[in-house]
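I have placed the structure first, in the form of structure tokens, so that the comments after it can refer back to it.
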Amino acid sequence: MSARAVLTACALASVLATVTSAHADVAVWHAYRGAEERALVELAGRYEAERGVHVDLLAIPFEAYTSKLAAAVPHAHGPDVFIEAHERLGVYLASGLVAPVGDAFPDVDVTRYDATAVRAVTIDGVRFAVPLANKCLALYVNDALVPESPSSIDALAKRAPTFPPGTYALAYEAQSAYFHAPFLHAFGGAMLTDDGRFAFASAESARSLAFVRDLARSSAVPEEPSGDLVTKLFASGHAAAVISGPWLSSELGEALKYRIEPLPDAGAGGGRMRPFLTVEGAFTTPTGATRDEARAFARWLGGDASAVVRATVGQQVVANVAAWSDPRVAANAHLRAFHEAAANALPMPTSTRMRAAWEPANKAIQKVLRGDAEPADAVLEAQHRFDDATRPPPAPASPTPALLILGALLTALAFFGVKRARAPGFGAELRASVPAYKYVVHAAVAVVALVILPLTAGALTSFFAGPRDAPRYVGVENYVAILTARGGDLLGHGSFYVTLLVTVLWTVTNVTLHVALGLTLGIALSRPLLRLKTVYRVLLIIPWAVPSYVTALAWKGMFHRQFGAINAVLKALGAEPVSWFSHFSTAFAANVATNVWLGFPFMMVVTLGALTSISKEVLEAAEVDGATRFQRFRLVTLPLVMPALLPSVVLGAVWTFNMFNVVYLVSGGEPDGATDILVSEAYRWAFTRDAQYGYAAAYAVLIFGLLALGTRLTGRLTRKDAALA
């Protein structure tokens, strides 16, 4: 019976293994949500019913999409097909994440899709995706305010005085290079040349910046417009027109009557506005490109019938030409408008340098709109930023010195281990400690896996430079570049030392205010005669309980130049509104105010806990001795609270030193990166400046070293004070 049971179990395991190995014939990754995801799910079900091939769909968060692909595809653990925007094609090719789609897009299918979409997914005559949908910007027009189509943006802006008070002629995210691109193209400019050079630094670009600056100065467009503000202005009828993409339609209610049109001429010397075109396509990974099932599904997904479903259910502006002859698709006026806009759009460059071009262009636009620089000077500064971010990595270094140092360290460690093992009584001590090791081994493994290994990997990354797929060892060159300010002025703009000074100022200011407010409120709430103490405690802890990014975004809105609550209060008091992010002092103050709001509850809770341990008899004895209230606080309460407060101060300093959320979300480093701290600067080198991961890792190692040194010194001073006491 036992043998029969074993054989039965083996047979069941074999069947389960067979089923599991064939659980998915085609693995597809996507980042769709809402209607687009519903359409894809419906199509996957149809394909399985028609072809008998199971399609395993996996939705990946948009923010993690690229990193997930980069981690999975090289090890053949990723998808066979993934849906992605064509603009990242250059990066994916350099990383080996995509392969030509082959017969998923044969020559006979070329006329099936928009010619512009075909060009977007083609490099050097090789097609790397099946075009699925086009996305670009268009003009949303309020029917009640602008019944006829505007001939140009300039003409629309000149009609601003005829609109109701508080209504803008045009709203768009003016500080974003992506939304500025139509103006740039209207004046003959470009972001990159065909060979990847920075084309934004040109006379045409300066003219486009001067044009949008004049729009802002005439109050035709709102100040510091964000995407949320643009949506609210248009939905509430306070914007005659907005420039946005297909995603805006889902955020507008039924009550607003509007239409969508292709972007018109810029006017004032500018030609037709041409937005960037993003083509979503079905890409095949190197593994998927070898599978007939994967290529067949990619081709079917871009086919005529599938395109109709994606247009009617998913509300996509499909790249399939035949789908637009379908009455159901043609009847959708919004989709038709974006289809017409896409015909005039310019495909986003696929160059790997495109990522490095956005930040310099954004900075130039922001400085011009704030009036901090003339257009010609701003584009030249943008050129300098781009050149600095994309300069060639350091020359390869010999690993011999590092290997010699590593060998010496390992030899010393081995010598120490042998010496320790030969010490009298070591064996007995080790055997006696074995039971204790059993209790901590799981924690030690977790610490090694979750803390030590990632720190080691980051430290090793700092010795390399170049792209992720082909890094090269450069030794300590990343550290040399950081500590020498990349060959520039040591105290120049954006240098490590200036950023370090800002970080120290940021940390000291915040921790001081955290402790002062926390201590004051903690003592106030500990008073025995205070009524409703529980209510006050709950209310004062709320800022600590709310996620920091939610609080940061809320405070950023309150500091808005035109619509912020803080400026509204200033205006009510008769003061002039403040452009909070135009100057270092005000932007720094905005960051500090937000972080103090987030941080003081922690110190308050620590203070309350420490105060409960103070005996009432001690305070009563001091009062009997004639000590005043302030003397009792300074000579009795404060010394007894400090042992509990000092570790919290150290912990708060570490948190504040690395408080990325507040700096990134509130000021965004403005003005011109002046309020960036070390951790936000490291982030920019990793994700906005040509993906220089080795350089960013060197920043992280320096941050770790500074914090380790600071906490060590603080610990010694604390122990010394305790010994003296």
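Each reported figure results from applying straightforward, stated rules to the coordinates on display, with no laboratory input. Just so it is clear, the structure is predicted and the values come from calculations on it, not from any experiment. A quick note on method: Cβ atoms are made from the backbone with ideal geometry, for glycine too, and the neighbour counts reach across all protein chains shown.
Quick look at the numbers
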read-out: Potential lengthening between PHE584 and LEU651 on full extension [0.36 nm per residue; Cα-Cα distance subtracted]; value: 21.4 nm
read-out: Dipole of the range 493-689 [Lys/Arg +1, Asp/Glu -1 at C-beta], most positive-end residue of TRP597, SER680, ALA545; value: ALA545
read-out: Rounded to whole Hz, the Karplus (6.51, -1.76, 1.60) HN-Hα couplings of the range 517-524, x for glycine and proline; value: 5, x, 5, 5, 5, x, 5, 5
read-out: Where only alpha carbons of the chain are counted, the Rg and the Dmax (Å); value: 31.0, 100
read-out: Stretch gain in nm, segment ARG259-ALA76, where the contour uses 0.36 nm per residue and the Cα spacing is subtracted; value: 61.3 nm
read-out: For SER244, residues with placed amide H under 5 Å, excluding near neighbours; value: ALA138, TYR140
read-out: Inter-label distance, nm, simple model (7 Å from Cα along the C-beta direction), SER149/ALA49; value: 4.0 nm
read-out: For PHE198, PHE183, order by how many other beta-carbon atoms lie within 10 Å, fewest first; value: PHE198, PHE183
read-out: DSSP bridge pairs, the chain: antiparallel proportion in percent, nearest 5; value: 70 percent
read-out: Dipole magnitude of the range 493-689 about its Cα centre (Cβ charges: Lys, Arg +1; Asp, Glu -1), debye to nearest 20; value: 440 debye
read-out: Candidate lysines for bridging to LYS367, where Cα separation is under 22 Å - those fewer than 8 sequence places away on the same chain excluded; value: LYS556
read-out: Distant-in-sequence amide H partners of ASP690 (H built 1.01 Å from N, under 5 Å); value: ALA356
read-out: Nearest-0.05 FRET efficiency for SER249 and VAL108, computed from C-beta distance (R0 41 Å); value: 0.75
read-out: The range 581-628, Rg to Rh (Cα coordinates; Rh as Kirkwood inverse mean 1/r); value: 1.37
read-out: Label-reachable residues, the range 510-532, where backbone N falls under 20 Å from a point 7 Å from THR612's Cα toward its Cβ; value: 518-532
read-out: Estimated inter-spin distance, LEU638 and THR688, nm [label 7 Å along Cα→Cβ]; value: 4.1 nm
read-out: Value of relative contact order over the range 636-721, rounded to a whole percent, pairs C-alpha under 8 Å and six or more apart; value: 21 percent
read-out: Positive minus negative residues near ASP265 (Lys, Arg vs Asp, Glu; Cβ under 10 Å); value: 0
read-out: Protection proxy ranking of 664-677, 554-567 - average other beta-carbon atoms within 10 Å, highest first; value: 664-677, 554-567
read-out: Cα-only Debye scattering, the range 82-219: base-10 log of I(q)/I(0) at q = 0.09, 0.15, 0.16, 0.21 Å⁻¹; value: -0.43, -0.92, -0.97, -1.25
read-out: By average C-beta atoms within 10 angstrom, highest first, the peptides 457-463, 633-639; value: 457-463, 633-639
read-out: Karplus-derived HN-Hα couplings along the range 60-65 (A = 6.51, B = -1.76, C = 1.60, θ = phi - 60°), whole Hz, x at Gly and Pro; value: 10, x, 4, 5, 9, 4
read-out: Furthest towards positive pole of dipole, PHE463, ALA160, VAL578, structure part the chain, Cβ charges; value: PHE463
read-out: Relative contact order (percent, whole number), the range 493-689, Cα cutoff 8 Å, 6+ residue spacing; value: 35 percent
read-out: Proxy reagent accessibility, fewest Cβ within 10 Å first, across ILE83, ILE542; value: ILE542, ILE83
read-out: Cβ-Cβ FRET estimate between ALA296 and ASN332, R0 fixed at 22 Å, reported to 0.05; value: 0.15
read-out: Highest to lowest packing among 161-172, 41-52, scored as the average C-beta count within 10 Å; value: 161-172, 41-52
read-out: Within the chain, helix-based [θ] at 222 nm, where runs of 4 or more DSSP H residues each add -39,500 (n - 2.57), nearest 500; value: -17500 deg cm²/dmol
read-out: Proximal lysines to LYS257, defined as alpha-carbon separation beneath 18 angstrom and excluding residues fewer than eight positions away on the same chain; value: LYS232
read-out: Relative contact order of the chain, pairs being alpha-carbon contacts under 8 Å that are 6 or more residues apart, as %; value: 14 percent
read-out: Alpha-carbon centroids, the range 503-575 and the range 322-367: separation in whole Å; value: 42 Å
read-out: Computed over the range 493-689, Kirkwood Rh from alpha-carbon pairs, angstrom; value: 18.7 Å
read-out: Paramagnetic reach from ALA210 (point 7 Å along Cα→Cβ, amide N under 13 Å) across the range 236-276; value: 268-270
read-out: Listed residues VAL447, SER526, PRO327: farthest to the positive end of the dipole of the chain (Cβ charges); value: SER526
